[in-house]
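To start, the structure itself, in structure tokens.
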Amino acid sequence: MVRHYLSVTDFTAAETLVLLQRAHTLKAAWHAQQQQEFPLRGQTLALVFEKPSLRTRVAFEAGMTQLGGHASYLAANDIDMGGRESVADVARNLSRWVQAIAARVFKHQTILQLACFASVPVINALSDVEHPCQALADMLTLYEHRPALHTTTLAYVGDGNNVCHSLMLIGALLGVQVRVACPPDYRPHPDVVEQAQQFAAAHGQQLSITAVPEEAVAGADAVYTDVWASMGQEHEAARRRPVFAAYQVNQPLLRHARPDALVMHCLPAHRGEEITAEVIDGPQSVVFEQAENRLHVQKALLLTLLELAAASQSSH
Ligand code: CP
Ligand code: NVA
């Protein structure tokens, strides 16, 4: 059975920690300019992207180059997945040429279908339900600043979207105390909340969801936000602005957190909307560390999934 990474829940807590440790080691080697051998020499990653991307795309492309392999970027117009050709056929064709597929899709169902028909590992590079690669980078960043994850509180303020879902799940999985503040009509999906609650309970914790940002942020070690309208929801942006206005991460809200609280954002950011320029560009912000860590976690993820795929092939 090929292992995919469609959700942060596809790896156990132990597997996730090993992956983060591997990313940490890769990062250290990269900073020391100790280029190791090229373990992915001759291997290709297909990037099937239905939406724009800076961080995810470049981190995968640069990551493959650094590991000795190659990434082939396929934009929506190039293959028109589901139009020119069915998702199933795209998956079956790509599996004949490449060793892994990373896909950024509108509907989560599309990535499930890709994984169903691919015989190589599929990575979720963002869907409407999850953004697991981002969540891995966020946990690495948090761990670097607050190594005792079990005693760390992370507050997410804003839209209960894909980024919020993956963050809740991975945080709860690793024992981080997660608190979420969203407008009542923009809460995370109840199924995701329930699953995250179960992970939290395993650590003797409780995930909290509130409509009051100050409640979520009180005494937090990190305050995280994301755009109010995600890709594909641009037409809702004007309608959402007044609903989310009270959820802006600004200096008065940040004062409720610990004085040294980290400020986190997956980027791209809309300064003056979900976060003020003063806060995102201020001394507590780690947003570019999060962005850098995309490279290290995605390299670790590629190595891990390709090793697992090779091991499962050799056992047949
Ligand atoms: N954070 C993130 O995934 O950025 P991109 O949309 O630029 O890939
Ligand atoms: N929630 C945002 C994240 C972008 C990285 C979106 O889906 O557009």
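The values are calculated or read from the model by the stated rules, or taken from the named source; none is laboratory data. Treat the numbers as computed from the prediction; the structure is a model and nothing was measured. Note that we place each Cβ from the backbone using ideal geometry, even for glycine, and neighbour counts take in every protein chain shown.
Observations on the model:
- Cross-chain or 6+ apart pairs with Cβ under 9 Å, the stretch 55-74 first and within 9 Å of Gln43 (Cα to Cα), then among the acidic types (Asp, Glu) and part of a helix (DSSP H, G or I): His70/Glu61; Ala71/Glu61
- Qualifying position, being surrounded by 15 or more Cβ atoms within 10 Å (Cβ to Cβ) and closer than 22 Å to Pro132 by Cβ, among Leu253, Leu174: Leu174
- The criterion of at least 3 residues that are at pLDDT 95 or above and touching a Ser or Thr at 6+ places or on another chain (Cβ under 9 Å) is met by the following helices (runs of 4 or more DSSP H) wholly inside the stretch 208-316: 287-314.
- Some residue of the stretch 107-125 being part of a loop (DSSP other than H, G, I, E, B), among the β-branched types (Val, Ile, Thr) and touching a Ser or Thr at 6+ places or on another chain (Cβ under 7 Å): yes
- Scope the stretch 95-139; condition among the β-branched types (Val, Ile, Thr), closer than 18 Å to Phe11 by Cα and more than 11 Å from ligand 2 (Cβ to nearest atom); matching residues: Ile101, Ile111, Val120, Val122, Ile123
- Those residues of the stretch 32-41 which are modelled with pLDDT of 95 or more and surrounded by fewer than 18 Cβ atoms within 10 Å (Cβ to Cβ), in sequence order: Pro39, Arg41
- Subset tally (residues that are among the hydroxyl-bearing types (Ser, Thr, Tyr) and either away from ligand 1 (no atom under 16 Å from the Cβ) or loosely packed, with under 15 Cβ neighbours inside 10 Å (or both)) for the stretch 42-72: 3
- Checked across the stretch 100-115, the condition of being closer than 23 Å to Leu267 by Cβ, of a type in the set (S, T, N, Q) and touching a residue at least 24 places away in the same chain (Cβ under 8 Å) holds for no residue.
- Restricting the stretch 211-229 to residues that are within 16 Å of ligand 1 (Cβ to nearest atom) and over 23 Å from Ala148 (Cβ atoms), the residue that is surrounded by the fewest Cβ atoms within 10 Å (Cβ to Cβ): Ala229
- For Gln34, the stated conditions hold: it is without any contact (Cβ under 8 Å) to a residue 12 or more places away in the chain, assigned to a loop (DSSP other than H, G, I, E, B) and out of contact with any Leu (no Cβ under 7 Å at 6 or more places or on another chain).
- Qualifying residues in the stretch 12-35 (those that are over 21 Å from the mean Cα position of the chain (by Cα) and among the polar types (S, T, N, Q)) - the one farthest from Pro147 (Cα to Cα): Gln35
- Filter result for Gly158 (at pLDDT 95 or above, crowded, with 18+ Cβ neighbours inside 10 Å, under 27 Å from Ala245 (Cα atoms) and of a type outside the set (A, V, I, L, M)): yes
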